[in-house]
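Shown next, in structure tokens, is the structure this report addresses.
The values are calculated or read from the model by the stated rules, or taken from the named source; none is laboratory data. Since this is a predicted model, take the numbers as computed values, not measurements. Counting neighbours? That spans all protein chains shown, and the Cβs are built from the backbone with ideal geometry, glycine included.
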């Protein structure tokens, strides 16, 4: 029997690999196609073809193993589940787990400050549980609820914080040093996009709140 059928199957598999959107299936089809190419070149006694397609198969096999590992289900902790649903719902469980592991959890008692007015914070903080008060001078101007960002303007612009944020009750926060977070985001584009969108929504909500407060004060 002519070995041409083996070559045809190999080319069909390679063609099919270019028609799928999932990179995992693309690589699986490519490896399978390489296997048929190896069979064809073995039948035609072409050593170079066997060597090159073996190399292609091994490289794709390595990336397949990585993709399968990355797509395994991730068991989130209770804190991570809450952070996922309240702040970063668009992230996958694995992306959320990576982001949470890059941060530091902290518990604060009532009256303790999370940040001080005029401070170069150097951290991006999320209020995870509890309620915190926003104080400008001696005046309490707002309250923050779980899921709110603290120090986001300082993180985005490097400017000093414009208010003190103090725990009203026992609170739990997660924070990321600004420089380390930026380096982390540069390596994880999906997390970077999700964080930017979430920060944008949080800032818009706070601007609306401040505008309404200003109107109420004027009245």
Among (1) more than 11 Å from the chain's Cα centre (by Cα); (2) closer than 25 Å to residue 23 by Cβ; (3) in contact (Cβ under 8 Å) with a residue 60 or more places away in the chain, where does residue 68 come up short? (3)
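Residues are listed down the side, and each one gets a yes or a no for (1) in a helix (DSSP H, G or I); (2) touching a strand residue (DSSP E or B) at 6+ places or on another chain (Cβ under 9 Å); (3) over 30 Å from residue 194 (Cα atoms):
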{"site": "19", "(1), (2), (3)": "no, no, no"}
{"site": "27", "(1), (2), (3)": "yes, no, no"}
{"site": "31", "(1), (2), (3)": "yes, no, yes"}
{"site": "34", "(1), (2), (3)": "yes, no, yes"}
{"site": "39", "(1), (2), (3)": "yes, no, yes"}
{"site": "54", "(1), (2), (3)": "yes, no, yes"}
{"site": "66", "(1), (2), (3)": "yes, no, no"}
{"site": "81", "(1), (2), (3)": "yes, no, no"}
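Residue-wise test of (1) within 16 Å of the chain's Cα centre (by Cα); (2) at pLDDT 95 or above; (3) surrounded by 14 or more Cβ atoms within 10 Å (Cβ to Cβ).
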{"position": "30", "(1), (2), (3)": "no, no, yes"}
{"position": "42", "(1), (2), (3)": "no, no, yes"}
{"position": "97", "(1), (2), (3)": "yes, no, yes"}
{"position": "111", "(1), (2), (3)": "no, no, no"}
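Residues checked against (1) assigned to a loop (DSSP other than H, G, I, E, B); (2) outside the structural domain of residue 106 (by TED's automatic domain parsing); (3) surrounded by 14 or more Cβ atoms within 10 Å (Cβ to Cβ); (4) touching a helix residue (DSSP H, G or I) at 6+ places or on another chain (Cβ under 9 Å):
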position	(1), (2), (3), (4)
117	yes, no, yes, no
121	yes, no, yes, yes
124	no, no, yes, yes
127	no, no, yes, no
133	no, no, yes, no
147	yes, no, yes, yes
154	no, no, yes, yes
Condition check for residue 175: buried (at least 17 other Cβ atoms within 10 Å of the Cβ), without any contact (Cβ under 8 Å) to a residue 60 or more places away in the chain and outside any loop (DSSP other than H, G, I, E, B): no
